[in-house]
Amino acid sequence: MNFEAARAQMLGQQIRAWEVLDERVLRALEQTPRERYVPEEYRDLAFADTEIPLGHGQKMLAPMIEGRLLQSLQIDPLDRVLEVGTGTGFLTACLARLGHSVVSVDIFPGFVEGARRRLDAESVRNVDLQTVDAHSLDLPEQFDAIAVTASVPALDDRFVRMLRPRGRLFIVVGRPPVMEGRLITRSATGETTSEDLFETVLTPLINAERPEPFVL
């Protein structure tokens, strides 16, 4: 397979076509070798417009979702970033290219160890990987940007509280078949605003609270 041709096609026909035009984001996606972060048995699908199975019922995000997520967060080179859901480490590597440093957490030890091997092989050093349930996070800091790579049925305020003033949170909220990719922004004085970006369906975050739908 010609990975360079497939990468160029992904950037042109998927990423740019879905209004991801930020040059820093496009460069991060171009320079991070996605084929080295997918499970070997799915390497031929590395640049396809599809989610890729990872085991434990989890999936690697489709490239278009990754592009929109990265663009929405507007990550600055000095930003401290939190990623919830490490997966294979590909998005982690992109976040690390865009920001100053990344803390990435995943509940599955195998995912964390696999991502560590891949990131080390690519000399990505500004990442702190942790095996932890996102709902048990007890970090002594706040973040400029937070990327949640799975869905939640309703917005969890604990992620909002981890934002610094002027911080941004990307999260997918809702239940199938209706979920919204959402950007939460915290102002300098602590107020938050919410913007719905696009519709999608993502695997639920492990142990996310699932309030029962209201039924008349």
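Annotations for the structure displayed:
- N2/E113 FRET efficiency (R0 41 Å; Cβ-Cβ; nearest 0.05): 0.85
- Global size of the chain: 16.4, 55 Å for Rg and Dmax (C-alpha atoms, Rg to one decimal, Dmax whole).
- Using the average count of surrounding beta-carbon atoms within 10 Å as a protection proxy, the listed peptides 124-130, 30-36 rank, highest first, as 30-36, 124-130.
- Modelled spin labels at H100 and E180, positioned 7 Å past Cα toward Cβ, are 3.2 nm from each other.
- Accessible area per residue for the range 12-166 is 44 Å², calculated with a 1.4 Å probe on protein heavy atoms, without ligands, DNA or RNA.
- Using distinct alpha-carbon pairs, which all enter the 1/r mean, Kirkwood radius of the range 1-76 in Å: 12.7 Å
- Label-point gap, in nm, between R161 and A188 - each point 7 angstrom along Cα→Cβ: 2.6 nm
- The range 28-79, accessible surface, carbon-and-sulfur percent (1.4 angstrom probe): 44 percent
- Among R158, R116, R182, the largest mean-square fluctuation in a Gaussian network model of the chain (Cα springs under 10 Å) belongs to R158.
- Scaled radius of gyration (Cα, divided by 2.2 N^0.38 Å) that the range 55-148 gives: 1.00
- Taking the chain as a Gaussian network of alpha-carbon nodes connected by springs under 10 Å, the highest mean-square fluctuation of the residues A150, A46, A121 belongs to A121.
- Taking only protein heavy atoms and a 1.4 Å probe, the accessible area of the range 114-216 is 50% carbon and sulfur.
- Distance histogram in 10 Å bins (all Cα pairs of the range 102-189, percent per bin): 15, 41, 34, 9, 0
- 13 Å beta-carbon shell around T193, net charge (K/R +1, D/E -1): +1
- Relative packing of 69-78, 53-62, which averages over residues the other C-beta atoms within 10 Å, highest first: 69-78, 53-62
- Point-to-point label distance, E19-H135, nm (Cα→Cβ direction, 7 Å offset): 3.3 nm
- Taking Lys and Arg as +1 and Asp and Glu as -1, the other residues whose beta-carbon sits under 11 Å from that of T32 total +2.
The values are calculated or read from the model by the stated rules, or taken from the named source; none is laboratory data. Source: prediction; values computed, not measured. Note: ideal-geometry Cβ built from the backbone for every residue, glycine included; neighbour counts use all protein chains shown. Only protein heavy atoms, including side chains, enter the accessible area calculation; ligands, DNA and RNA are left aside. Shrake-Rupley method; radii C 1.70, N 1.55, O 1.52, S 1.80 Å.
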